[in-house]
1. In region 307-316, which residue that is in a strand (DSSP E or B) and surrounded by fewer than 17 Cβ atoms within 10 Å (Cβ to Cβ) is modelled with the highest pLDDT?
2. Would you confirm whether or not region 357-375 contains a residue that is aromatic (Phe, Trp, Tyr), surrounded by 23 or more Cβ atoms within 10 Å (Cβ to Cβ), at pLDDT 95 or above and in contact with a His (Cβ under 8 Å, 6 or more places away or on another chain)?
3. Looking at the structure I just gave you, is Thr275 hydroxyl-bearing (Ser, Thr, Tyr), at pLDDT below 70 and surrounded by 13 or more Cβ atoms within 10 Å (Cβ to Cβ)?
4. In the set Gly344, Gly376, Gly368, which member is in contact with an Asp or Glu (Cβ under 8 Å, 6 or more places away or on another chain) and of a type outside the set (Lys, Arg)?
5. Quick check on this structure: which one of Ile335, Ile349 is over 24 Å from Met218 (Cβ atoms) and either surrounded by 23 or more Cβ atoms within 10 Å (Cβ to Cβ) or outside the structural domain of Ala227 (by TED's automatic domain parsing) (or both)?
6. Quick check on this structure: which one of Leu195, Leu149 is modelled with pLDDT of 70 or more, under 30 Å from the mean Cα position of the chain (by Cα), more than 30 Å from Gln91 (Cα to Cα) and not small (Gly, Ala, Ser)?
7. Right, Val291: at pLDDT 90 or above, in the same structural domain as Asn370 (by TED's automatic domain parsing), not hydroxyl-bearing (Ser, Thr, Tyr) and not in a loop (DSSP other than H, G, I, E, B) or not?
8. Please tell me if Ala319 is surrounded by 16 or more Cβ atoms within 10 Å (Cβ to Cβ) and modelled with pLDDT of 80 or more.
Amino acid sequence: MFFKPDKCLRAGRIFIVMAVPWCAGFAQESQQQLEELRRNISQLQQKIGSFEKSESSELERLRALDEQIDLLSRLAGKLRRQEAAKRAEAQETATGLRQTQGELQRLQSLGAQRAVFFYKYGRMKDLEMLLSARSLNQVVLWAEYQRRLLANDRRVLAGMKVKQERIQAQNDQLASELAAHEKMLAEKLKEEGALKQRRQQREALLKKLQKDKAYHQMQLAEQQAAAERIAKLIAAAEAMLQQQQQQQALEQQQQVKEQPLGRSPVDLTPPMANTYDGPFASRKGRLPKPVNGQIVGHYGSFRHPVLKTITTNLGVDIAAEPGASVRSVAGGKVITITWQRGYGNLMIINHADGYYTVYTRLSEILVGMNETVAAGQVIGRVAEPTAGQQASVHFQIWQRTKEARSQDLNPEEWLQ
């Protein structure tokens, strides 16, 4: 009984590939975002405490509570995603470790069988080889073959042990990190408890203020201010884009001046804007809703039920369950993530050609600034509703006109 070299060599070609995706720069940036959220939440908590002690306006307390609730929701979401990612890494490492242990046991069993065979028949086979060999060269070749075969087995076993130790060390490290994230998860649960308490405080305040005209006037003023803020953000984005295009044009003109005679001329055609997954204008009437649900707040002017004044809704309100996925209606680039009075967490996506979409009333934001998103990509979650109201997402579409003005469009003419 002999073991062929090709089988042993194939056994030696077993590799366990561990893929533990981790980017130090991304981790550092995420940690900085968490710390910033914690600082802002702490500052708002101090502000709320000072309001309670000084008997400040209940409207001011409500404002601070609104902002703190949104920040707590974002913090909890980030912690939950990080803990889930670490848990998946630990599971992947554990799977790799089990595979390596199985391979090691198989090779150890093979080595034991070979050792038993060599012990039982090694000397007899040596004698048979010596008696049946036609030349001394055959004896030497057979001995060298056996030596190399055993050496290869030892290398395979040693290599597998090294891999097992390495994976075990990685598993221990990930287990430690997972424990840290379990602690983070406990912290998140604690903060969610605080979040629940703040929501209860907010609900109590809202019930008290429902019939207060000052509250509704504040809401209306904040929404009007938010609309102006959105227009300014879009104008700033367009100005930056125009500046970049002008810089590119100047660079091309400079290349023309420096172009040697006889060379092909420099193309002075202005670069086309990135249309992502196609021109946004061509999708009018075919855009999917950012969230599954019915439109409960329509675009345009309406009479306020309490103030009895004519107000304007610059977008649509789409009913949805709290925590439901909010998706980008088209491909584009995230240019703004902020918190805005009257709307809460707010995101703006640039779809090129002067078109922008706005998403508000989000509890979580799942994409980052300057991130390119695809049509249908989940970008956030629906926030909890206010007292006596239905959970919904507020959605707007804006266009930057040739006169360099931001114009709100009727989303109902664009959505399917």
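1. The selected residue is Thr312.
2. So far as region 357-375 goes, yes, one or more of its residues are aromatic (Phe, Trp, Tyr), surrounded by 23 or more Cβ atoms within 10 Å (Cβ to Cβ), at pLDDT 95 or above and in contact with a His (Cβ under 8 Å, 6 or more places away or on another chain).
3. yes
4. Gly344
5. Selected residue: Ile349, the only one of Ile335, Ile349 that is over 24 Å from Met218 (Cβ atoms) and either surrounded by 23 or more Cβ atoms within 10 Å (Cβ to Cβ) or outside the structural domain of Ala227 (by TED's automatic domain parsing) (or both).
6. Leu195
7. Judged against the criteria, Val291 is not a match.
8. yes
The values are calculated or read from the model by the stated rules, or taken from the named source; none is laboratory data. Owing to the predicted nature of the structure, the values given are computational and were not obtained by experimental measurement. Ideal geometry is used to build each Cβ from the backbone, glycine not excepted, and the neighbour counts take in all protein chains shown.
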